[in-house]
Amino acid sequence: MTLTLGETWRPWHPSVRRGVLNEEDGPIEVLVMLAPWAPSGVLRARERAGNALDLRGGCVLPLLDIRAHNKKIAFIYESVDGIAASWLVDGRGIGHRAAAELVSSVAECVAEHPHPGLDPGDVLLCSDGSVRVTNYACAFPDVFGPVPPGDGSAEEVRVYRLGALLASLLGGPLPPTSTEEAHDAAVRRAQIRAMSRPGAVFSEAYGNWLRALLAWEPAARPPLSRVAEGLAELAANTAGPTLVETADQHFGAWVIELLGFDDEAPTLPAEIESLREILDPLPTQQAGRRTLGEEHVLGNIDVEDDPTVDSELGIPPETPPSIIERGSIPVAVGPPAEVAAMRPSLPLGFLAEDPETSSTTMPTRTVPMSVSPKPRPARPSWLMPLTIGLAVGAIGLLIWLTFL
């Protein structure tokens, strides 16, 4: 069986890729989580997986195989269009009723197939409103879910993690705490965030369930077999859209938001692809623009030209000369170069004493402000012949004294 990988499926995890597994019965679409390569990594991953390769039915997302692929360890799952609950925390479109339904489905699955360490990233909400639980064989064993307080049993730990998942969907993840007082304060803050959300009223029964699931003492938490039924009853008595209605209304927008508009966008279902065309305001290619020419018209340039001359303004082709595109040099702004080169100076005698006011004003010290040099007096015309005559006389006297 050969495995071919495609684009990244970020709505689950950045390390998940869509792919095609070619089997004897024909190719099937799969989701592949890639883990870092290590010597004997595939063998150890299979040993840690245990019976995870055989889990089927219910809300479990089946793990089909664990194998090496291009110096990675590939965990191959059945293909679903799902978003991890880790992307839906802090109330991103999940109302009180939908959150209770989601955790109820997870509790039912975990009660039938115990999970080694439940985390919001292990829960997928599918486009039809159904729920899938993954990572029974975790590709990243160093990543643990919320750590519950106390030394409770495995079932009590799972109940606490279900409560942490519910709190995350209502108002964000719980911070780690080390004392009972700090833990109780964190739970109260989670309830306040849930009550402050718009929409349905956060009922007293809802608060009781949240506090019970997150109880500090493990023995105070409800049994796992009661959680799924109790949360389903709580959801039925809570106003707001159901999980199916929420997925039908928001799933396409969530997928588009998580995938972004990069070049590696995956092939989406038809209804999501049509929604993407509506929400995407950008054209496939944008022609660049160049600075104003002699005719003051912006022309188009190829997209592979130097990006430094590309215009970021939506300027129409016919642009008036007064509009200067960002990135161009405004050489026509300011005074002429001849004026800028002149040195400023004050006229001569600007600060001279006025004879009419000299007798009535206090004498002040005049400070010359002109930067122009003071003109020198002209030399007399007889100065140059006199200088030459004195020089000749001095030379003659020097010769006479030398040879006397």
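Which residues, counting only those in the stretch 24-55, are surrounded by 13 or more Cβ atoms within 10 Å (Cβ to Cβ) and part of a loop (DSSP other than H, G, I, E, B)? Passing the criteria: 37, 55.
Residue 193 falls short of the stated requirement of being farther than 13 Å from residue 96 by Cβ, modelled with pLDDT of 50 or more, surrounded by fewer than 17 Cβ atoms within 10 Å (Cβ to Cβ) and among the basic types (Lys, Arg). Among the residues of the stretch 81-102, just one is closer than 19 Å to residue 225 by Cβ and either at pLDDT below 90 or out of contact with any strand residue (DSSP E or B) (no Cβ under 9 Å at 6 or more places or on another chain) (or both), namely 100.
I'm trying to understand the selection: among the residues of the stretch 98-142, which are polar (S, T, N, Q) and surrounded by fewer than 22 Cβ atoms within 10 Å (Cβ to Cβ)? Answer for the stretch 98-142, where residues must be polar (S, T, N, Q) and surrounded by fewer than 22 Cβ atoms within 10 Å (Cβ to Cβ): 127, 130.
Of all residues in the stretch 70-84, none are under 30 Å from residue 180 (Cβ atoms), buried (at least 23 other Cβ atoms within 10 Å of the Cβ) and touching a Pro at 6+ places or on another chain (Cβ under 8 Å). Of the residues making up the stretch 1-23, those that are in contact (Cβ under 8 Å) with a residue 40 or more places away in the chain and part of a strand (DSSP E or B) are 3, 5, 6, 7, 8, 18, 19, 21. When residue 178 is tested against (1) over 18 Å from residue 98 (Cα atoms); (2) part of a helix (DSSP H, G or I); (3) among the small types (Gly, Ala, Ser), just one condition goes unmet, and that condition is (2). Looking at the stretch 184-195, is at least one residue assigned to a loop (DSSP other than H, G, I, E, B) and more than 20 Å from residue 123 (Cβ to Cβ)? So far as the stretch 184-195 goes, no, none of its residues is assigned to a loop (DSSP other than H, G, I, E, B) and more than 20 Å from residue 123 (Cβ to Cβ).
Would a scan of the stretch 65-76 turn up a residue that is in contact with a strand residue (DSSP E or B) (Cβ under 8 Å, 6 or more places away or on another chain) and under 20 Å from residue 160 (Cβ atoms)? No.
The values are calculated or read from the model by the stated rules, or taken from the named source; none is laboratory data. None of these values were measured; they are calculated from a predicted model. Positions of Cβ are backbone-derived with ideal geometry, glycine not excepted, and every protein chain shown enters the neighbour counts.
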